[in-house]
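Everything below concerns the one structure shown next.
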Amino acid sequence: MSTVKTFASAADLEVKKVSFDKLSDHAYAYTAEGDPNTGIIIGDDAVMVIDTQATPVMAQDVIRRIREVTDKPIKYVLLSHYHAVRVLGASAYGAEHIIASEDTRDLIVERGQFDKDSEIGRFPRLFQNVESVPDGLTWPTMTFNRKMTLWLGKLEVQILQLGRGHTKGDTVAWLPQEKILFSGDLVEFDATPYAGDAYFQDWPQTLDNIAALKPEKLVPGRGAALQTPEQVQAGLAGTRAFISDLYESVKASAAKGEDLRKVYEATFAQLQPKYGHWVIFNHCMPFDVTRAYDEATQYPDPRIWTAERDVQMWKALEG
């Protein structure tokens, strides 16, 4: 860690290959080699999009691929959580309803603008044509608490809060008839979980709650679509291991009274051999360790990330 790393993912300019995988007649996954995923549910009479891409221009590629398989109207957009990279493309779909948990709406009210400014600075490539994003924030038109069921014709879509993890508002979409789950960033596959707004102590139980549904296929927040029960188990296990390993390392170092920089260096060194090949590992680790240190010491709830706080933290840990 002797060389200074470029801030977050500012140097990541490589264009990723997009895949559009059919999971069933009703479910598709839009993935791009570790970039944020979008899920698609095609019902009898309407389409639901889960997470929107970061800008309306980027969302047009999702829409193009949807139109290759159906002409049904896109009536619903579901926000798995509030992060800008997941929600700022929403306007492109012209959906009748944007759905989010009440907790997610509360987070948009409290910190949505801060997050928007912060994320655009962290990862410019993911915000292609950022000028296409309308002024203001993406607001849900429909909220729920814990569980909501939609019927797209005869297709049942359960929208569930199974616990806190990546954020306090995390929402999954579940097709019980087909055992297919769209997890948002609660589950990643060969991709580093971003945990800057996380609840480390709650996250493993939330993963257990996902596992209890016994999904046979799963679309993670990042990484390839998981298309067998074995792959689903691997995705859940990998995410759980990373979260647990990082928090235990941070908690142990903090208990010794070490400052954040030393905690970070020790945790990075411990996790890098096992997880360093996962995408955005270098990007996520300073944010993840900072949040874990906060949770292990004095902040049960995540502090707001601003563009200024991002840079100050990065200089303190990587400068």
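The values are calculated or read from the model by the stated rules, or taken from the named source; none is laboratory data. All values reported here derive from a predicted model rather than from experimental measurement. Neighbour counts run over all protein chains shown; Cβ positions are idealised from the backbone, glycine included. For the accessible areas, the whole protein counts, side chains as well, though only heavy atoms, and no ligand, DNA or RNA atoms are used. Shrake-Rupley method; radii C 1.70, N 1.55, O 1.52, S 1.80 Å.
Given the criteria in contact (Cβ under 8 Å) with a residue 40 or more places away in the chain, crowded, with 22+ Cβ neighbours inside 10 Å and either within 15 Å of the chain's Cα centre (by Cα) or closer than 30 Å to Pro286 by Cα (or both), does Asp106 qualify? Write out each step before concluding.
Numbers: in contact (Cβ under 8 Å) with a residue 40 or more places away in the chain: yes; crowded, with 22+ Cβ neighbours inside 10 Å: no; either within 15 Å of the chain's Cα centre (by Cα) or closer than 30 Å to Pro286 by Cα (or both): yes.
So Asp106 fails the test.
Among the residues of the range 263-289, how many are buried (at least 17 other Cβ atoms within 10 Å of the Cβ) and either under 23 Å from the mean Cα position of the chain (by Cα) or among the charged types (D, E, K, R) (or both)? Before the answer, list the steps.
Narrowing the range 263-289 to residues buried (at least 17 other Cβ atoms within 10 Å of the Cβ): 263-264, 266-268, 270-271, 275, 278-289.
After this cut, where a residue has to be either under 23 Å from the mean Cα position of the chain (by Cα) or among the charged types (D, E, K, R) (or both) as well, the list is 264, 267-268, 271, 275, 278-289.
The total comes to 17.
Quickly run through the range 158-173 and pick out the residues that are open to solvent by less than 10 Å² (accessible area, probe 1.4 Å) and assigned to a strand (DSSP E or B).
Ile159, Val172, Ala173, listed by residue number.
Looking at Ala225, Ala255 in this structure, which one is among the aliphatic types (A, V, I, L, M), open to solvent by 20 Å² or more (accessible area, probe 1.4 Å) and modelled with pLDDT of 95 or more?
Working: Ala225 fails: open to solvent by 20 Å² or more (accessible area, probe 1.4 Å).
Just one listed residue meets the conditions, Ala255.
Could you list, in sequence order, all residues of the range 1-60 that are modelled with pLDDT of 95 or more and among the aromatic types (Phe, Trp, Tyr)?
Scanning the range 1-60 gives Phe20, Tyr28, Tyr30.
Write out, first by first residue and then by second, each pair whose Cβ atoms fall under 9 Å of each other, whose residues are 6+ apart or on separate chains, and whose first residue, in the range 138-151, is open to solvent by 90 Å² or more (accessible area, probe 1.4 Å) while the second is basic (Lys, Arg).
Trp139/Arg105
Yes or no: Leu260 closer than 30 Å to Ala32 by Cβ, surrounded by 19 or more Cβ atoms within 10 Å (Cβ to Cβ), touching a helix residue (DSSP H, G or I) at 6+ places or on another chain (Cβ under 9 Å) and at pLDDT 95 or above?
Values: closer than 30 Å to Ala32 by Cβ: no; surrounded by 19 or more Cβ atoms within 10 Å (Cβ to Cβ): yes; touching a helix residue (DSSP H, G or I) at 6+ places or on another chain (Cβ under 9 Å): yes; at pLDDT 95 or above: yes.
So Leu260 does not fit the description; no.
Could you please tell me which pairs satisfy a Cβ distance under 9 Å, a separation of 6+ or placement on different chains, a first residue in the range 191-218 that is open to solvent by 10 Å² or more (accessible area, probe 1.4 Å), and a second residue that is at pLDDT below 95 and part of a loop (DSSP other than H, G, I, E, B)?
Pairs that qualify, where the first residue is open to solvent by 10 Å² or more (accessible area, probe 1.4 Å) and the partner is at pLDDT below 95 and part of a loop (DSSP other than H, G, I, E, B), are Tyr194/Ile280.
Tell me, which strands (runs of 3 or more DSSP E) lie completely within the range 43-120 with 2 or more residues that are in contact with a Pro (Cβ under 8 Å, 6 or more places away or on another chain)?
On the way: elements: 47-50, 74-78, 97-101.
Strands (runs of 3 or more DSSP E) meeting the threshold: 97-101.
Run Thr31 past the list (1) under 16 Å from the mean Cα position of the chain (by Cα); (2) farther than 27 Å from Asp106 by Cβ; (3) in a helix (DSSP H, G or I) and report the number of the one that doesn't hold.
It fails just one condition, (3).
Given the criteria hydroxyl-bearing (Ser, Thr, Tyr), closer than 20 Å to Asn37 by Cα and in a helix (DSSP H, G or I), does Thr267 qualify?
Details: hydroxyl-bearing (Ser, Thr, Tyr): yes; closer than 20 Å to Asn37 by Cα: no; in a helix (DSSP H, G or I): yes.
No: the conditions fail for Thr267.
Which one of these does Asp35 not meet: (1) surrounded by 18 or more Cβ atoms within 10 Å (Cβ to Cβ); (2) within 19 Å of Gly223 (Cβ to Cβ); (3) in contact with a strand residue (DSSP E or B) (Cβ under 6 Å, 6 or more places away or on another chain)?
With respect to (1) surrounded by 18 or more Cβ atoms within 10 Å (Cβ to Cβ); (2) within 19 Å of Gly223 (Cβ to Cβ); (3) in contact with a strand residue (DSSP E or B) (Cβ under 6 Å, 6 or more places away or on another chain), Asp35 is out only on (3).
Of all residues in the range 233-252 being polar (S, T, N, Q) and within 16 Å of Asp202 (Cβ to Cβ), which is most open to solvent (accessible area, probe 1.4 Å)? Break it down stepwise before answering.
Filtering the range 233-252 for residues polar (S, T, N, Q) gives 233, 239, 244, 249.
From what's left, within 16 Å of Asp202 (Cβ to Cβ): 239, 244.
Values: Thr239: 2, Ser244: 42 Å².
The selected residue is Ser244.
Name every residue in the range 141-157 that is part of a strand (DSSP E or B) and within 19 Å of Asp208 (Cβ to Cβ), in order of residue number.
Within the range 141-157, the first condition is being part of a strand (DSSP E or B), and the residues that meet it are 142-144, 147-152, 155-157.
Answer for the range 141-157, where residues must be part of a strand (DSSP E or B) and within 19 Å of Asp208 (Cβ to Cβ): just Lys147.
Please verify whether the range 228-240 includes one or more residues that are touching a Ser or Thr at 6+ places or on another chain (Cβ under 8 Å) and either over 17 Å from Asp35 (Cα atoms) or among the basic types (Lys, Arg) (or both).
no
Restricted to the range 89-102, and to residues that are surrounded by 20 or more Cβ atoms within 10 Å (Cβ to Cβ) and of a type outside the set (A, V, I, L, M, F, W, C), which residue is farthest from Thr52 (Cα to Cα)?
Within the range 89-102, the first condition is being surrounded by 20 or more Cβ atoms within 10 Å (Cβ to Cβ), and the residues that meet it are 89-90, 92-93, 95, 98-101.
This time we only want the ones that are of a type outside the set (A, V, I, L, M, F, W, C), so: 89, 93, 101.
On the way: Gly89: 5, Tyr93: 8, Ser101: 16 Å.
Among residues in the range 89-102 that are surrounded by 20 or more Cβ atoms within 10 Å (Cβ to Cβ) and of a type outside the set (A, V, I, L, M, F, W, C), the one farthest from Thr52 (Cα to Cα) is Ser101.
Pick from Arg65, Arg86: which is open to solvent by 10 Å² or more (accessible area, probe 1.4 Å) and touching a residue at least 40 places away in the same chain (Cβ under 8 Å)? Can you show your working first?
Values: Arg86 fails: open to solvent by 10 Å² or more (accessible area, probe 1.4 Å).
Result of the check over Arg65, Arg86: Arg65.
Scan the range 109-123 for residues that are open to solvent by 60 Å² or more (accessible area, probe 1.4 Å) and touching a helix residue (DSSP H, G or I) at 6+ places or on another chain (Cβ under 9 Å) and report the count. Give the derivation first.
Step one: filter the range 109-123 for residues open to solvent by 60 Å² or more (accessible area, probe 1.4 Å), giving 109-110, 113-114, 117.
Now narrow it down to the ones that are touching a helix residue (DSSP H, G or I) at 6+ places or on another chain (Cβ under 9 Å): 114, 117.
Residues that pass the stated criteria total 2.
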